[in-house]
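What follows is calculated from the coordinates using simple rules that are stated; it is not laboratory data. Here the structure is a predicted model, which is why all the values come from computation and not from measurement. Cβ placement follows ideal geometry from the backbone for every residue including glycine, while neighbour counts extend to all protein chains displayed.
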Amino acid sequence: MVDALAEKLRSETLLIDGWEDILRRLVYGVATAHVGKPSVVLGLRDLTGHRGNAAKIVETAQSCLKEMGVVDAGCLLAVVTDNPSTLACFCHLLNTTVGEILSYKPAKAQVSRINCIVTFFNGSHFWGGQLKVLALADAITQGLKQNCESQWYALIIFCLSVQAHRVPLNTLIARPDARKSQNRLSIVHADVRTAVQDYDDSFWPMIDQLICVAKLLVDVIAVCKLQSATLADCYDHAHRSQPYMIKSVIDHIRLAVGDDPEFIKHAHTTLDKRFWLIATPLHRLALFLHPLCQKLAVLELRDLKLTALTIFKEKWNWSREDCAQLGQDVDDYHACRKGFEGGNKDPCAWWESLTMNSEKRKLKLFAVAILSIIPHAAEIKHLFSSLNGIHSPKWNGLSIPTFDKLAKLRSYYAEEARHQTGKVASSERRFTQIHSEQGPSMK
């Protein structure tokens, strides 16, 4: 796998992401990925005590490449991190948007009350068991979920789990022994009872609003985490989520009683502000290069050509003649002239199937490269989390060298097994779906 990586020219995306392990060490993972193809783990580094700045990240990436025998970085097309100064991870940007929406002060206060409820019942053997019995009677099989900060959409699952237990919670706190101690036995805490009973109608309506607004962006994160997701897919889903979210919010205001209109305004403002930070010219160019979505790229053809030529000339150092040919190809593609007819939901497959010579028609080579970029660093989490539970409340405690070797071995043997069995590497990944057209779900 590493030999094949070293032979490729400007086709791989370098993914870098970090997290804090159970020993509170700052750990950074490095891997290369390509849309629809297996990823290659390059290494794992402990950066505890170091600044997580660009210079240190570059040094870490170079160290991992050198250790794996990749001397020439010419195989790398792009670098994706959680740092917005480079090509920022699309999922991180969406998650930041969700976090900013939930930073509304009254919303934060209600999230604290949710945490109080979950902490109490998960920490009490008796009352937690009683709640579980009542939940099972209502066909609720999921328990109360803890909020794990390192998981992108754990906060929404956290809110959904409490919302699903609304009836069992109210039934439980109505019991006399939950409100007044009998034989000096423990009762349900007063702040928990106050939150569940919600005398001022501020708790449950706000939880409903939080879920209604945030889960739409959470679904976009889940879709964009797929290994087959391209820059065009990410922009398309984010673009479609904006009007859907606004419509959903407006409907919610009309139908629900007790909503906070200021929270709706805050969500609108945040979404409008963050959307234009997320949707970069590169994402719009990728959407334009998708044969079925080129008309959705909300930019003038001149601006799209400028973005393409900037990459072509300044980043790749191609000649003036090649740049002129690229500009002509963009015009022909936009007009659907001969050679650019038809389409396919898989944009990379469509461009590769074109019979034109990529040496003469530069747009084909350029489009395949742009659409092969992995737009998120989630692949790092996919590669490492199954080994050490790095994004779950319960972590294992592997040492860094062991974790590093285990990740490389698993990556190699998984690909070797697929190669021997003749199976094509799956480009899809399972993900937790938070919302569907039929309503909220807990899968």
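Would you order 175, 361 from fewest to most other beta-carbon atoms within 10 Å of each residue's own beta-carbon? All intermediate terms of the calculation are to be shown ahead of the outcome.
Details: 175 13, 361 19.
Lowest to highest Cβ neighbour count: 175, 361.
Whole-Hz Karplus ³J(HN,Hα) for the stretch 190-199, in order, using 6.51 cos²θ - 1.76 cosθ + 1.60 and θ = phi - 60°, x for Gly and Pro?
4, 5, 5, 5, 4, 5, 5, 5, 6, 4
If you rank 60, 230, 280 by fewest surrounding Cβ atoms within 10 Å, what's the result? List each step's numbers first, then the result.
Numbers: 60 23, 230 26, 280 18.
Listed from fewest to most nearby Cβ atoms, that is 280, 60, 230.
Sorted by average packing, counted as other Cβ atoms within 10 angstrom per residue and highest first, what order do 217-225, 399-407, 121-129 take? Please list the in-between numbers first.
On the way: 217-225: 22.7, 399-407: 16.4, 121-129: 13.8.
Highest mean packing first, the order is 217-225, 399-407, 121-129.
For a quick check: sort 68, 206 by the number of other beta carbons within 10 angstrom, fewest at the front.
Details: 68 19, 206 24.
Lowest count first: 68, 206.
Could you tell me the distance between the Cα centroids of the stretch 38-76 and the stretch 298-355, to the nearest Å?
32
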